[in-house]
1. Out of the residues in the range 98-154 that are of a type in the set (Phe, Trp, Tyr) and under 24 Å from MET43 (Cβ atoms), state the one that is farthest from the chain's Cα centre (by Cα).
2. Looking at the range 50-69, which of its residues are closer than 17 Å to ASP125 by Cβ and of a type in the set (Gly, Ala, Ser)?
3. Considering only the range 11-31, state which residues are in contact with a helix residue (DSSP H, G or I) (Cβ under 6 Å, 6 or more places away or on another chain) and in contact (Cβ under 8 Å) with a residue 60 or more places away in the chain.
4. Would you mind stating whether PRO232 is in contact with a Phe, Trp or Tyr (Cβ under 6 Å, 6 or more places away or on another chain), modelled with pLDDT of 95 or more and either surrounded by fewer than 20 Cβ atoms within 10 Å (Cβ to Cβ) or part of a loop (DSSP other than H, G, I, E, B) (or both)?
5. Mind checking whether some residue in the range 56-75 is in a helix (DSSP H, G or I), over 20 Å from ALA286 (Cβ atoms) and at pLDDT below 95?
6. Can you name the residue in the range 88-119 that is in a helix (DSSP H, G or I) and acidic (Asp, Glu) and, of all such residues, is modelled with the highest pLDDT?
7. Quickly run through the range 160-177 and pick out the residues that are surrounded by fewer than 19 Cβ atoms within 10 Å (Cβ to Cβ), in a helix (DSSP H, G or I) and without any contact (Cβ under 8 Å) to a residue 40 or more places away in the chain.
Amino acid sequence: MRPTQASFPATRLRRLRSKPGLRAMVRENALSPADFIWPIFVMAGKDTETPVPSMPGVVRRTVDRVADAARQAHALGIPAMCIFPYTSMANRTEDCAEAWNPDNLSNQAIRAIKEAVPDMMVMTDIALDPYNINGHDGFVENGQIVNDRTVEALVKMAIAQADSGADILGPSDMMDGRISAIREALESHKHQDVTILSYTAKYASAFYGPFRDAVGASAALSGDKNTYQMDPANSDEALRLVERDLREGADMVMVKPGMPYLDICRRVKDSFGVPTFAYQVSGEYAMLQAAAQNGWLNGDQVMLESLLAFKRAGCDGVLTYFAPRAAEILNG
């Protein structure tokens, strides 16, 4: 039971807000660079960066520049980076074979980061959309996104990433049964220590548009992803998905998108008490950046406030494109 508070004026709740020191002493949540996973985009080429127009401040990097970004992140105290490839249309096929090519862009970037900064945790994305000529996370057969054949491909993709040195695998496809299949394969290939951060509650959201531009998937995508990503109207379903993925071997779980789904973050954390992450997705980032560039909002202030909201909602960490700038500010 909550203790009974004295009535006014014996209780003045503003007292604890009256001075910066008092506010710091009673602050319930705090941010640090250790809370961030930095998503980055990798492309073919050498010593080059290309801006993503719909994500001001975000670039695609060649593999050598990814290594430089890892050094920057490590110096700022950011513990993990997540790799997303910008795959040319020439490497997108019906069979998605580039997804498990040991020398694809993602696997090259994993090795480059681990060589440059061995302590940097490298997270990957497991889904077929960067390699699929149809732009979907799974194989398309007769207009349908098929589940079981896709899971077989995701397993091959996961093993190739683990062999390249990935620390954290991020299955983002939302196919049924993929966590147990990946976990079993990791065990059989002696990758027992590789962690799975499952995109457990990934919604069929309209907030992903700039990301699809960044990985070159916008033009490729045919149709929508409503048959495998979650309905934005649903909440209880997210808890069933979390329970399933934990039973199948996920070590951590993620809610995506982030800010519009803070209620889901809180329900997941309260219900399961497991490491819970959220992805502050490209559309969220683009909204805040656009408003800041137009002078409608203070960019740094709304950035930090939005990130703190994830901690308040129960998240242990956040995937955010703001990671380097936020870390700079938090480091003083």
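1. TRP100
2. ALA69
3. ASN29, LEU31 - these are the residues of the range 11-31 that are in contact with a helix residue (DSSP H, G or I) (Cβ under 6 Å, 6 or more places away or on another chain) and in contact (Cβ under 8 Å) with a residue 60 or more places away in the chain.
4. Considered against the rule, which asks whether it is in contact with a Phe, Trp or Tyr (Cβ under 6 Å, 6 or more places away or on another chain), modelled with pLDDT of 95 or more and either surrounded by fewer than 20 Cβ atoms within 10 Å (Cβ to Cβ) or part of a loop (DSSP other than H, G, I, E, B) (or both), PRO232 comes out as yes.
5. no
6. Only one residue tops the list, namely GLU115.
7. Hits for the range 160-177: nothing passes.
Quick grid of which residues meet (1) over 24 Å from GLY209 (Cβ atoms); (2) among the β-branched types (Val, Ile, Thr); (3) out of contact with any strand residue (DSSP E or B) (no Cβ under 8 Å at 6 or more places or on another chain); (4) surrounded by fewer than 18 Cβ atoms within 10 Å (Cβ to Cβ):
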{"site": "TYR285", "(1), (2), (3), (4)": "no, no, no, no"}
{"site": "LEU288", "(1), (2), (3), (4)": "no, no, yes, no"}
{"site": "ASP300", "(1), (2), (3), (4)": "yes, no, yes, yes"}
{"site": "MET303", "(1), (2), (3), (4)": "no, no, yes, no"}
{"site": "CYS315", "(1), (2), (3), (4)": "no, no, no, no"}
{"site": "THR320", "(1), (2), (3), (4)": "no, yes, no, no"}
{"site": "ALA326", "(1), (2), (3), (4)": "no, no, no, no"}
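The values are calculated or read from the model by the stated rules, or taken from the named source; none is laboratory data. Small disclaimer: the values here were computed from a predicted structure and weren't measured. Methodologically, a virtual Cβ is constructed for each residue, glycine included, from the backbone with ideal geometry; neighbour enumeration extends over all protein chains shown.
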